[in-house]
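Since the structure comes first, as C-alpha cells, the remarks are kept for the end.
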Amino acid sequence: NRKALLYQQRWQCAGCSLRVEQKYSKSFRFCHYLGKFFCTGCHENQMAIIPARVVQNWDFKKYPVSNFSLEILNSVYSERLFNILDLNPNMIRKVEKLKVSTRCRAQLGKMYKYISTCRFAQDSLQQMEMHNSPDPHLYSIQELYNTKFNKYGLTLRNIIGEGLKHVKSCQLCQARGYICEGCHTGETIFPFQIGVYECGICGSCYHKTCFNPDQDSCSKCTRLKERREKAKISVTSEDEVPQP
C-alpha cells in the first residue's frame with residue numbers, strides 16, 4: 001500500500017530524493033511504470049501506455065507516470081522490443097487481431113526475402129521495409145496499439161497483396177519459384193503463399209493439400225539423403241580397390 005511503499009523509499013522522492021515528513025507525503029504521486037512515488041516536481045501527472053499492461057492484459061489505457069518514465073516510454077514507443085511469443089504466448093491465441101497481424105508479418109518476412117533482391121520491385125519495397133521484421137513476434141508498443149485500434153493487420157494484408165501482384169507479373173520472380181514436390185503440376189508456387197508448405201530443411205515447397213508434415217517425409221530430402229549415401233558407398237569402393 002501507499003504507506004508501506006513510501007516507508008521503503010524512506011519518505012523520499014524516487015526522482016530527486018526530496019524527503020518530507022510523513023504528514024506531508026500525501027502530495028507524492030505514484031508512477032505506474034516504475035512503481036514508485038515521486039514529488040510533484042518530478043511527476044506532473046502525465047499519462048502514458050504501460051508496456052507490461054499491454055503485453056500481459058492487452059490493456060492500452062493510459063496511466064499517470066513520472067516525467068522520467070514518460071521520457072523513457074516515448075523514446076521506446078516505436079522500438080521493437082517486445083517478443084510476444086516469449087513474454088505471453090497465450091496472447092496470440094486469445095487476441096484474434098494479434099494472431100492475424102503476426103501471421104501476416106511471417107508471410108511478409110518470407111516475401112521480402114524474394115522481392116528485396118528483385119531489381120524491378122523498387123516501388124513495392126519501401127512499404128515492405130517499413131513493416132518487415134526479422135521476427136514476426138517482435139513488436140513495438142506502437143505496432144501493438146495499431147494492431148488493436150488502427151487495422152494494422154489490414155495494412156499488412158494490403159502490402160502483401162501488392163507484393164503478390166508483383167511476383168505474379170514479374171518474370172524474374174517467377175523464375176525463382178518452386179514446383180510442388182508432391183503433385184508436380186507445373187504451377188509455380190512460393191513459400192510465402194497461403195496454402196504452401198516449405199520444408200524447414202531443404203526449402204522445397206508443397207501444396208499443403210499434397211503434403212502432411214506429421215505423416216509424410218519430404219521427397220527432396222529423401223533424394224538428397226540417398227545421393228549422399230550412394231556417394232559414400234562409391235568413395236568406400238574406390239578406397240578398397242587395390243593399387244597396382
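When we screen Asn132, Asn158 for residues that are in contact (Cβ under 8 Å) with a residue 24 or more places away in the chain and either in contact with an Asp or Glu (Cβ under 6 Å, 6 or more places away or on another chain) or under 30 Å from Tyr77 (Cβ atoms) (or both), the only hit is Asn132.
Yes or no, residue by residue, for (1) of a type outside the set (S, T, N, Q); (2) open to solvent by 60 Å² or more (accessible area, probe 1.4 Å); (3) out of contact with any Pro (no Cβ under 9 Å at 6 or more places or on another chain):
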| position | (1), (2), (3) |
| --- | --- |
| Met130 | yes, yes, yes |
| Gln142 | no, yes, yes |
| Gly163 | yes, no, yes |
| Ile189 | yes, no, yes |
| Glu198 | yes, yes, no |
| Gln215 | no, yes, yes |
| Cys221 | yes, no, yes |
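Just name the residue that is surrounded by the fewest Cβ atoms within 10 Å (Cβ to Cβ) out of those in segment 77-104 that are over 13 Å from Ser133 (Cβ atoms) and among the polar types (S, T, N, Q). Checking each candidate, the answer is Asn90. Among the residues examined, Phe30 does not qualify as farther than 17 Å from Leu144 by Cα and open to solvent by 70 Å² or more (accessible area, probe 1.4 Å).
Ser25 meets all of the listed conditions (1) in contact (Cβ under 8 Å) with a residue 24 or more places away in the chain; (2) open to solvent by less than 30 Å² (accessible area, probe 1.4 Å); (3) part of a helix (DSSP H, G or I) but one, namely (1).
The values are calculated or read from the model by the stated rules, or taken from the named source; none is laboratory data. Predicted model only: the values in this text are computed from it and were never measured. Positions of Cβ are generated from backbone atoms using ideal geometry, with glycine treated the same way; all protein chains shown enter the neighbour counts. Just so you know, the surface numbers come from the protein's heavy atoms only, side chains and all, with ligands and any DNA or RNA stripped out. Shrake-Rupley method; radii C 1.70, N 1.55, O 1.52, S 1.80 Å.
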